[in-house]
């Protein structure tokens with residue numbers, strides 16, 4: 001304790017050489033800037049991750065049950081009814097997704113059809129992302145169903161709700177023989193009326209998505225009633241997505257052929273990319289912090305030389321060499337942690353200011369951007385990680401300070 005008090009006095013006392021004060025200040029500022037940069041950059045990545053989750057919520061259900069193998073599984077309707085009966089679940093519906101070929105007004109393209117029921121339109125609030133027409137999926141008249149197109153599908157098929165809006169869908173037959181004399185007989189066909197156009201702001205959906213009624217999709221794809229590629233589950237009022245996920249996972253524990261995905265699990269590539277970029281950047285900034293920490297070595301060396309007379313007095317008063325070494329080891333701790341504490345506080349304040357006031361704007365046309373400012377989110381896990389790195393750097397500096405104070409040249413003087 002006495003060694004710490006002496007180190008603290010040495011740190012804040014006026015030095016006989018002004019250069020020592022300057023070097024000490026530079027060392028503290030260097031660590032502080034590197035620490036603040038780590039907090040800010042990690043918070044920006046967290047912000048973009050949260051932004052991605054908010055974008056996914058426009059079209060991905062909070063919980064999705066999918067088969068572990070193959071494209072579809074049987075008994076989806078009965079499983080959905082069981083899940084819907086859970087107290088945590090507000091609704092559960094089967095859905096069916098597959099590739100198809102679409103033709104409209106002489107234009108044609110490969111599309112992804114997604115068979116859903118009317119509850120999907122309501123639960124996902126497709127009116128929020130419908131940019132043209134009416135958000136409607138269902139049966140209009142005998143033999144004609146209403147569907148919706150993504151922006152990419154609408155542009156590729158040159159079809160909008162205001163134009164002749166019938167889209168013909170083709171799907172290869174899953175069973176039966178192929179007759180070379182009648183190539184069209186190898187396909188099953190059906191038509192939809194494009195009642196609306198939606199924009200999700202996700203390329204995989206906006207590129208070629210076509211929403212159709214679930215029973216039409218099953219008929220077109222020759223699947224039996226109850227077969228589906230997934231079951232979308234929404235939470236009940238006042239229930240969080242994590243709670244309904246846990247409830248569904250527990251309810252399906254005995255179904256080995258099914259797995260439960262949350263929104264991040266439904267889009268693993270996006271979040272894996274953000275996570276990899278985040279921690280690669282963290283490693284790069286960690287090297288900068290380590291380099292900034294080594295500036296403290298020069299500070300400690302100057303302090304050891306500055307305090308040689310004091311060290312002699314301490315030895316004359318009975319202070320051991322270990323006691324003197326501990327003083328400068330504490331100096332290493334204090335300088336490193338002082339800079340780190342300032343950096344953590346500064347980084348947290350800047351992140352809070354950006355979140356509240358949006359100082360830094362994204363470049364580009366605001367009308368084309370879904371968000372105009374850099375999104376940030378401070379997570380305590382990042383603070384703990386950066387703090388752990390600082391403690392490691394401080395431990396190294398403490399060892400260096402103790403070694404410098406115990407050197408032969410210093411002892412001889």
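The values are calculated or read from the model by the stated rules, or taken from the named source; none is laboratory data. Please read these numbers as outputs of a predicted model, since none were measured by experiment. With ideal geometry, Cβ positions are generated from the backbone for all residues, glycine too; neighbour counts draw on all protein chains shown.
Couple of notes before you dig in:
- Condition check for residue 216: surrounded by 14 or more Cβ atoms within 10 Å (Cβ to Cβ), outside the structural domain of residue 34 (by TED's automatic domain parsing), touching a strand residue (DSSP E or B) at 6+ places or on another chain (Cβ under 8 Å) and assigned to a helix (DSSP H, G or I): yes
- Condition met for residue 203 (assigned by TED's automatic domain parsing to the domain that holds residue 73 and either within 32 Å of the chain's Cα centre (by Cα) or at pLDDT below 90 (or both)): yes
- Scanning the range 248-264 for residues being under 23 Å from the mean Cα position of the chain (by Cα) and assigned to a strand (DSSP E or B) gives a total of 4.
- The lone exception for residue 385 - which of (1) under 30 Å from residue 42 (Cβ atoms); (2) surrounded by fewer than 12 Cβ atoms within 10 Å (Cβ to Cβ) it fails: (2)
- Exclusive hit being part of a loop (DSSP other than H, G, I, E, B), closer than 29 Å to residue 99 by Cβ and in contact (Cβ under 8 Å) with a residue 12 or more places away in the chain, set 223, 245: 223
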